[in-house]
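Contents: one structure, followed by commentary.
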Amino acid sequence: MPDSDCPVIVWFRDDLRLADHPALCEASATGRKILCVYILDEKSKGIRPLGGAARWWLHGALAALRRQLKAKGGALLTFEGEAPEIFDQLVRQTKADSVFCHHRYQKPEREQDDIIAARLKERHVTLFRAHGTLLRAPDAVMTKSGTPFRVFGAYWKAACALGDVPAPRRVPSHLSFYDPAPLTSLPQLDEAKLLPTKPDWAEGLRQNWEPGAEEGEELLQDFVAHALHRYDRGRNEMAADGSSRLSPYLRFGHVSPRQVWAAASKVPGADTGVFLSEIGWREFAWYTLYHQPELTSRNLKSRFDVLEWRRSTADLQAWQQGRTGIPIVDAGMRQLWQTGWMHNRARMIIGSFLVKHLLLDWKQGEAWFWDTLVDADPANNAMNWQWVAGTGIEATPFFRIFNPLLQAEKFDPHGDYVRRWVPELARLSDKAICAPWNETEETLRQAKVKLGGNYPKPIIDLQQGRERALAAFRKTKSSEAAELEA
Ligand SMILES: Cc1cc2nc3c(=O)[nH]c(=O)nc-3n(C[C@H](O)[C@H](O)[C@H](O)COP(=O)(O)OP(=O)(O)OC[C@H]3O[C@@H](n4cnc5c(N)ncnc54)[C@H](O)[C@@H]3O)c2cc1C
């Protein structure tokens, strides 16, 4: 019989909220006192350390969760170190007999959870894992022959055919908490170290974001009430805030996909369907990562393994710093640097520019996003980079190369997005701002633009970059043909 004075543990991971938290609901159903913990584990094998912007977000996210728990009489303990070791000590000191958490779907995390479950079992402690971070468990949606889907359309149709998405669960009405005071001997997380100091580059992040479940819920309700009805068009207008901006809140689990689904489904119309299918893309990214763990590190289409990427630190840095001389690309990269987030259309444009025009490996782009995005998400990031590069499943064919100038004309027709993020070009006309190098000296002088002075000359001729990419791509085809003949 369990000792009713002993607590149960709720292990928060990428689910930093109290509402729609199945693990917390199950823990509260035991009627026992709950000990809430978060562990930053960047030491265990295969676990990728968070990037800088995500660490900044995590700092605010933990503070917000702590506030939510405090309002209910609880507390949050945060530790740093190898999770299996920390659990050994936690259960020894508290005599807890169960740990509740949500499934994680990345291979190293899954393997770690299995190790922890086995170690806890030796001590007669159970690790309960519920599904709480996706709409559907990744092994619940399979083809008739039992294999995973490789194409989004078929996957999404099958996922939707499983029936209604269950309603989100409420915060348990009765929560009682274990006094964590005696546990200070464990390796505490120094949360202040999550913040950048020398230099403190986070001012733009502070101005644009407020991590936390309450803020996420407010943003969700605001989006559903005011922007969802024109999402299909609005999400592509680069200068407008037509998308939900929920990505970091979903990434850290301040809002669950079921909460988003429930809130959006109430609004009838085609835009809702388009928006929900974007939530579907998030599901599909995690589904793909679950079934093909190499998504983050290798081309899913192995034929591209022979592609000869260029190496150019100068080009990579120009791209990272938003100084390529292609205004729409620079605008996207500067929005990212200043705010920790980038418009989806811009992500596609700058991604295509990196891997095709500059012919630099998509993994370099993925790594930069990982470090600079507040929504940096292992599955969404890698799947989208492979999609942009044409190396993944459901990928755009490699030979389809976004023309940044046409993209700018279509999705930033008045140049407002560029004006906002590349202010040195702000005085140029709507037409001139997407390709200033086509303008006369006099026009540039009047607009106070000096190419190679206050704004760079293009680091590449777009037509030549396109042809170079196509030639590199054709070589992968001939190596495939040679392989087949051999
Ligand atoms: C190269 C590249 C890298 C990307 N890296 C990330 C990343 O690290 N993290 C991330 O969350 N998204 C990533 N995306 C997808 C997408 O750009 C963002 O999810 C979206 O811009 C976030 O803005 P939003 O919340 O306003 O999206 P909305 O348009 O309002 O969509 C709602 C939610 O749906 C999901 N979603 C939307 N589009 C996609 C998509 N293409 N793939 C997967 N999920 C999607 C997100 O969770 C998003 O918050 C990437 C896209 C590209 C092209």
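Rolling a 1.4 Å probe across all protein chains gives residue 77 an accessible area of roughly 30 Å².
FRET efficiency for the residue 92 to residue 42 pair, using the beta carbon distance and R₀ = 30 Å, is estimated at 0.80.
Give the separation of the Cα centroids, the stretch 271-342 to the stretch 363-421, in Å. The stretch 271-342 and the stretch 363-421 have Cα centres spaced 5 Å from each other. Couplings 3J(HN,Hα) for the stretch 135-144, derived from phi with the Karplus relation 6.51 cos²θ - 1.76 cosθ + 1.60 (θ = phi - 60°), are 5, 10, 4, x, 8, 8, 10, 9, 5, 4 Hz, where x marks Gly and Pro. For the pair residue 122 and residue 188, label points projected 7 Å from Cα toward Cβ lie 3.0 nm apart. Once all protein chains are placed together, residue 105 keeps about 10 Å² accessible to a 1.4 angstrom probe. Counting only GluC sites (Glu not before Pro) that DSSP places in a loop and that have at most 14 other Cβ atoms within 10 Å, the longest clean stretch of the chain runs over 43-307. Rounded, prolate or oblate for the stretch 1-133? Axes are the square roots of the Cα gyration tensor eigenvalues, ordered a ≥ b ≥ c, and the cut-off for rounded is a/c under 1.5. Since a/c reaches 1.5 but b/c is at least a/b, the shape of the stretch 1-133 is classed as oblate.
Under a 1.4 Å probe, what is the accessible area of the chain per residue, stated in Å²?
Per-residue accessible area for the chain comes out at 46 Å².
Among the trypsin sites (Lys or Arg not before Pro) found in the stretch 278-313, those both in a DSSP coil and sparsely packed, with 13 or fewer other Cβ atoms within 10 Å of their Cβ, are 310, 311.
Using the Karplus relation 6.51 cos²θ - 1.76 cosθ + 1.60 with θ = phi - 60°, the per-residue 3J(HN,Hα) values for the stretch 317-326 come to 5, 4, 5, 4, 8, x, 9, 8, x, 9 Hz, with x marking Gly and Pro.
Converting phi to 3J(HN,Hα) with the Karplus coefficients 6.51, -1.76 and 1.60 and the offset θ = phi - 60°, the stretch 171-185 yields 5, x, 6, 10, 10, 10, 10, 7, 6, x, 3, x, 9, 6, 6 Hz in sequence order, with x at every glycine or proline. Where the centroid of each part is defined by its Cα atoms, how far is the stretch 95-166 from the stretch 181-229 in Å? The stretch 95-166 and the stretch 181-229 have Cα centres separated by 26 Å. Using a cut-off of 21 Å between Cα atoms, the listed pairs 157/363; 301/356; 43/72 include 157/363; 43/72 as exceeding that distance. Amide H to amide H, with H built 1.01 Å from N, residue 127 comes under 5 Å of 99, counting only residues 5 or more places away or on other chains. Taking 0.36 nm per residue of separation and subtracting the current Cα-Cα distance, fully stretching the chain between residue 215 and residue 70 would add 50.5 nm. Length gained on full extension, residue 294 to residue 312: 3.9 nm, using 0.36 nm per residue less the C-alpha separation. Under the combined filter of DSSP loop state and at most 11 neighbouring Cβ atoms within 10 Å, the stretch 144-181 retains these trypsin sites (Lys or Arg not before Pro): 144, 170.
In this structure the amide hydrogen of residue 79, modeled in the peptide plane, comes within under 5 Å of the amide hydrogens of 38, 39, 40, 189, none closer than 5 places in sequence on its chain. For the stretch 332-424, applying the loop criterion from DSSP together with a ceiling of 16 other beta carbons within 10 Å to the trypsin sites (Lys or Arg not before Pro) yields 400.
The values are calculated or read from the model by the stated rules, or taken from the named source; none is laboratory data. Predicted model only: the values in this text are computed from it and were never measured. No Cβ is skipped: glycine too gets one built from the backbone with ideal geometry, and neighbour counts run over all protein chains shown. Protein only, heavy atoms only, side chains kept; ligands, DNA and RNA dropped before computing areas. Shrake-Rupley method; radii C 1.70, N 1.55, O 1.52, S 1.80 Å.
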